[in-house]
Structure formats: structure tokens, C-alpha cells
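Worksheet: the structure to be examined is printed underneath.
Since every read-out is calculated from the coordinates, none of them should be taken as a lab result. For clarity, every value in this text was computed on a predicted model and none was experimentally measured. We place every Cβ from the backbone using ideal geometry, glycine too, and count neighbours over all the protein chains shown.
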Amino acid sequence: MKITLLGTGDAVGTPKIGCSCPACLDALEGGKSRRLRFSVLVESEAGRVLVDTSPDLRWQLLKKKISHIDGVIWTHSHYDHYAGFGDFHRIQNGVKVYGLKNTLDYILNYLSFMKPVRHDVRFYEPFELIGLEIMLIEVTHPPLEESAGVLITDGRSKIVITGDTSRDIPEKSLSLMFEPDLLIADAIIPPRGTIPKHMNSKEAMELALELKAKNVVLTHLSHMFPPHEESVKKWPLGYDGMEFEF
Ligand SMILES: [Zn+2]
Ligand SMILES: [Zn+2]
Ligand SMILES: [Zn+2]
């Protein structure tokens, strides 16, 4: 199985429009602080699926030379996680989409011009896609009532994507997330402050420790971090195009 972080930015992306902070300047110059919005590509020998469809999806697919997807899993109904699905218009019809009921209702209403094949999924009920076992687990992302993390396993390796969440993750989810080979964790800001609906990088690293994650990478990163090369001395920040093989 192969995992690629197609977009490691937060909802506004880096550079942020109109900003000239050090991270945004590095991003404008083409440095690794340049972050598209959130999508993760998951590949197996049987195909490829996306976890979330960034508003920047078009460029993400072009860069990876991807013209066909075997499924999309949506974690929640925030714009930065689904809006790029419209980029499949006149490219691929009948894409299989997976998500929680209210999440799918909301997103498919927005995307009513698209005709994907809907698959309603419930928390903690595993399903199979491209030969992988996938499970949505409950996380906490107020004020949204439902937001999911994603567990992926090929029977040997276990990958956990926290999705957008605060540190306040339900116990049942934590026990299922335990000892991942890779934890892909939401960490929107450095530990200068807290945001009720996301983890900061300190909280994400504490989560990794609690879960005994064998490897951790932080994502959903804002321009509040110092430029990437400086930040990675302190935290295991992901970057766009970063790959992991299992
Ligand atoms: Zn988000
Ligand atoms: Zn900035
Ligand atoms: Zn969100």
C-alpha cells in the first residue's frame, strides 16, 4: 500500500491570499511551505482512492497524472475537504463515494450537478475498497456534529488519518487507532495556542505518543508555522507530495 499526501494545508492554504508572513513568502518562492488543501491518495495493487477531495484537486490529479479514481472517502462536510470533487465533471462519471449519512447529504446537495454512486457508511463499520479494509471512526470537530477519522489496513500495516479533530477523541476511537504504522494527524498550528476544533502540533505529538504510533506525520498545516525547513527541526511536518510505502 502507498500513501501520498496530496495537500497538507489548512482551509485557506499556504500562501494565504494577501499574506506576506515568512511561511507565505517561502510558499510564494516555491518552498515546501507551499501547501494545497487536504487530500490523501491511497493506492494498492487493486486501485486508488482519495480520502477527501481538496478544492485544489485538479492540480493534485494533474501532478500525479491520475485520470481515474476507484473511490472517494469523505471525512466531513467542510469546504476544504470536498469542494474539488466537481473537478471530476466531464472527466469521470459515477465515482463511488463513501461517507457518513449527514456528510453525504450535505456534500451531494452542494454537488447536485454531479452523479456519483453513493455509499452510506456508519462509524465503526468496516468496508472494503481496493482490497483494503477501511473504517470511519468518530472524532471531535465542533461545531460539526459528525466528523470522521479513517483507519486503513491491508492486513499487515495500519494507517490512521485523524481527519479534522480536536484532541478530545472518543475512547472507542482511540482504542481502534492504537499502534498504527503511520499516524497522519491534524495539527493546524504550532503550540502557541489552541483552536477548539483542531489539534496544535504539541497535542498531535501527544496523541502519537499515547497511541504508540510507529511513525507520525502532521498535516492540515496553516501558515502560522515557521517556514517548512525551519519547522521540521521541531515537528514532523508533512509536505505536498510526501509518500509512504508499506
Ligand atoms: Zn479542514
Ligand atoms: Zn502567511
Ligand atoms: Zn474541518
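Ignoring lysines fewer than eight residues from K96 along the same chain, the ones with Cα atoms less than 16 angstrom from its Cα are K115. Taking 7 Å steps out from each Cα toward its Cβ at F246 and Y110 produces label points 2.8 nm apart.
Helical runs assigned H by DSSP (4 residues or longer) give the chain a calculated mean residue ellipticity at 222 nm of -5000 deg cm²/dmol, each run adding -39500 (n - 2.57) before division by the residue total.
Using the Karplus relation 6.51 cos²θ - 1.76 cosθ + 1.60 with θ = phi - 60°, the per-residue 3J(HN,Hα) values for segment 37-47 come to 6, 6, 8, 10, 9, 10, 10, 10, 5, 8, x Hz, with x marking Gly and Pro. Across segment 130-147, the residues whose backbone nitrogen lies under 14 Å from the label position 7 Å along the beta-carbon direction of A46 are 130-135.
Within segment 36-108, the trypsin sites (Lys or Arg not before Pro) that combine a DSSP coil assignment with at most 15 other C-beta atoms in a 10 angstrom radius are K64, K65, R90. With a simple spin-label model that places each label point 7 Å from the Cα along the Cα-to-Cβ direction, the separation between C19 and K96 comes to 3.7 nm.
Normalised by 2.2 N^0.38 Å, where N is the number of residues, the alpha-carbon radius of gyration of segment 99-241 equals 1.09. In loop segments of segment 1-92 as defined by DSSP, the GluC sites (Glu not before Pro) with at most 11 further C-beta atoms inside 10 Å of their C-beta are E29, E45. Within segment 30-166, the ratio Rg/Rh, alpha carbon atoms throughout and Rh by Kirkwood, equals 0.94.
Couplings 3J(HN,Hα) for segment 185-194, derived from phi with the Karplus relation 6.51 cos²θ - 1.76 cosθ + 1.60 (θ = phi - 60°), are 10, 4, 8, 6, 9, x, x, 6, x, 10 Hz, where x marks Gly and Pro. Under a 5 Å amide H cut-off, with hydrogens placed 1.01 Å from N, L237 pairs with L218 among residues at least 5 apart or on other chains. Note on the chain: dipole from Cβ charges, positive end direction compared against M205, P236, V150; the farthest Cα belongs to P236. Spread over its residues, the convex hull of the C-alpha atoms of segment 1-52 is 70 Å³ per residue.
Between segment 29-77 and segment 112-191, the alpha-carbon centres lie 16 Å apart. Computed 3J(HN,Hα) for segment 163-175, one whole-Hz value per residue from the Karplus formula 6.51 cos²θ - 1.76 cosθ + 1.60 where θ = phi - 60°, is x, 6, 7, 7, 5, 7, 9, x, 4, 4, 5, 4, 5, glycine and proline marked x. Of the candidates A187, A46, A11, which one comes out as most mobile in a Gaussian network treatment of the chain with C-alpha springs shorter than 10 Å? So, out of A187, A46, A11, the one fluctuating most is A46. List the aspartates and glutamates whose Cα sits under 12 Å from the Cα of K101, skipping any in the same chain fewer than 8 residues away. The qualifying aspartates and glutamates are D120, E145, E146.
When every alpha-carbon pair in the chain is counted, what percent end up more than 32 Å apart?
13
With a threshold of 26 Å on the Cα-Cα distance, the over-threshold entries among K2/K214; K63/K214; K2/K197; K64/K234 are K63/K214; K2/K197; K64/K234. Evaluated with a Cβ-only charge set (Lys, Arg +1; Asp, Glu -1), segment 61-165 carries a dipole of roughly 520 debye about its Cα centre, given to the nearest 20.
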